[in-house]
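Let me begin by presenting the structure, written as structure tokens, before commenting on it.
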Amino acid sequence: MTAHILDGKAFAAKLRTQVATHVARLKADHGIVPGLAVVLVGDDPASQVYVRSKGKMTVEVGMQSFEHRLPDTTSEADLLALIAQLNADPAVHGILVQLPLPAGLNSDLVINTIDPAKDVDGFHISNVGLLGTGQKAMVPCTPLGCLMLLRDHHGSLAGKHAVVIGRSNIVGKPMAQLLLGDSCTVTIAHSRTADLAGLVRQADIVVAAVGRAQMVPGAWIKPGATVIDVGINRIAGDDGGTRLVGDVDFDSCATVAGAITPVPGGVGPMTIACLLANTVTACSRANGLAEPEGLTV
Ligand code: NDP
């Protein structure tokens, strides 16, 4: 069997077009331009790449992008003051603080200082609580993107057994909440899970969010299962350079799975598209307007 490839790149492009349409409508009908502020503290190279591409795509869909780059010597008080200023700024509808923050800054405190209505990453405790209780929340971008791909492929997910490998606050836990919300039977696995292989073999849906290159082999996958690979890992390539791989071994899994996301071109592009979608959703809610359909869950 050869798995159907879940093309996150194409899906994300479609989602960004939808976002751009809503942005144009907000401008034309209400004179509102959604704005996204991204705060980067320090000079982590990977974070710089993410922030640059977020800014570029924000502008491409017609929104305003506000970038705040601060040195890694920034004090917590100064960072909190910037967030307070962005919370109060009516031109800013979404605020994202790029993680990880430099040592010495309390990420939980920083994230929980963001106005929950502008928390487009969905990491504020209020949004975590809203999601966990099935209420309207800002939903974390990566799991939101995974859910969109799964719904697009399956339609209803009800009754399916989903195994989420990874229990981080950013991916694993919110992913599990979303799958539960769609009536999956959900198992969350982590580094202390006994017999991970046996557990994954029972899954109709596997979401791998571990951060270990090619850790899940095809032998663990139930024939016909759907595999969502969140991992982004850089390994040595055959040509002496490096290449990106996921947390699943794509080649062996693709011969057994019914559907699978590639790396790159799967979950990755969905994350930024969902960030833009969340910003439009936040902007619509802030202005008491009907929420655009298809941009959140
Ligand atoms: P974290 O490091 O925060 O969490 C990793 C999770 O994997 C932990 O819960 C850990 O368990 C678990 N784990 C580690 N080793 C094993 C093991 N041997 N068996 C089972 N579980 C294990 O990572 P993130 O959730 O932030 O990210 C996961 C991956 O997703 C990374 O590759 C990251 O780069 C990628 N990512 C991709 C995004 C995208 O846009 N595509 C966005 C965000 C992340 P424990 O809790 O017990 O330590």
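By its C-alpha gyration tensor, with a ≥ b ≥ c as the square roots of the eigenvalues, how is region 194-283 shaped: rounded for a/c under 1.5, else prolate for a/b larger than b/c, else oblate? The partial results should precede the final answer.
Working: a/c = 2.19, a/b = 1.27, b/c = 1.73.
Here region 194-283 falls in the oblate category.
Could you list, by residue number, the cysteines of the chain that have no other cysteine's beta carbon within less than 4.7 Å of their beta carbon?
Here Cys146, Cys184, Cys253, Cys283 come out as lacking a disulfide-compatible partner, given the Cβ-Cβ threshold of under 4.7 Å.
Run lengths n ≥ 4 of DSSP H only: what is the helix-derived mean residue ellipticity at 222 nm for the chain, with -39500 (n - 2.57) per run over all residues, to the nearest 500? Show your work: numbers first, answer last.
On the way: 10 runs with 121 residues, N = 297.
Mean residue ellipticity, 222 nm, calculated: -12500 deg cm²/dmol.
Starting from the Cα of Ala46, step 7 Å along the direction of its Cβ; do the same at His154; then give the gap between the two resulting points in nm.
Here the answer is 2.8 nm between the modelled labels.
What is the count of Lys pairs in the chain whose alpha carbons sit under 18 Å apart, if the two are 8 or more places apart or on different chains?
Going through the chain pair by pair, I get 9.
Return the whole-Å distance between the Cα centroid of region 153-184 and the Cα centroid of region 15-69.
28 Å
What does the C-alpha gyration tensor say about the overall shape of the chain? Classify as rounded when a/c is under 1.5, otherwise prolate if a/b is larger than b/c, or oblate. Please report the intermediate quantities before stating the final value.
Working: a/c = 1.72, a/b = 1.47, b/c = 1.17.
Judged from the Cα gyration tensor, the chain comes out prolate (a/c at least 1.5, a/b above b/c).
Rank the residues Ser107, Ser284 as a footprinting-exposure proxy: fewest other Cβ atoms within 10 Å of their Cβ go first. Walk me through the numbers on the way to the answer.
Numbers: Ser107 13, Ser284 22.
Going from least to most buried by this count: Ser107, Ser284.
When the C-alpha atoms of region 32-178 are aligned to their principal axes, what extent does each axis show, in angstrom, from largest down?
49, 35, 29
For region 143-209, what does the alpha-carbon gyration tensor say about shape, rounded, prolate or oblate, given a ≥ b ≥ c as the root eigenvalues, a/c under 1.5 as rounded, and a/b over b/c as prolate?
Working: a/c = 2.07, a/b = 1.35, b/c = 1.53.
Verdict is oblate for region 143-209.
Hey, can you list the DSSP H helices of the chain whose Cα span along the axis is 30 Å or longer and whose average Kyte-Doolittle score is at least -1.0? Let's see the in-between values first.
Values: long enough: 8-30 (32 Å, -0.27).
Span-like helices here: 8-30.
What per residue convex hull volume, in Å³, comes out for region 111-249 when only alpha-carbon positions are used?
Numbers: hull volume 18.6 nm³, N = 139.
It is 134 Å³ per residue.
Read-outs throughout are calculated quantities, based only on the coordinates presented, and are distinct from any laboratory measurement. Keep in mind that this is a model prediction, so the values were computed, not measured. Backbone-built Cβ (ideal geometry, glycine too); neighbour counts: all protein chains shown.
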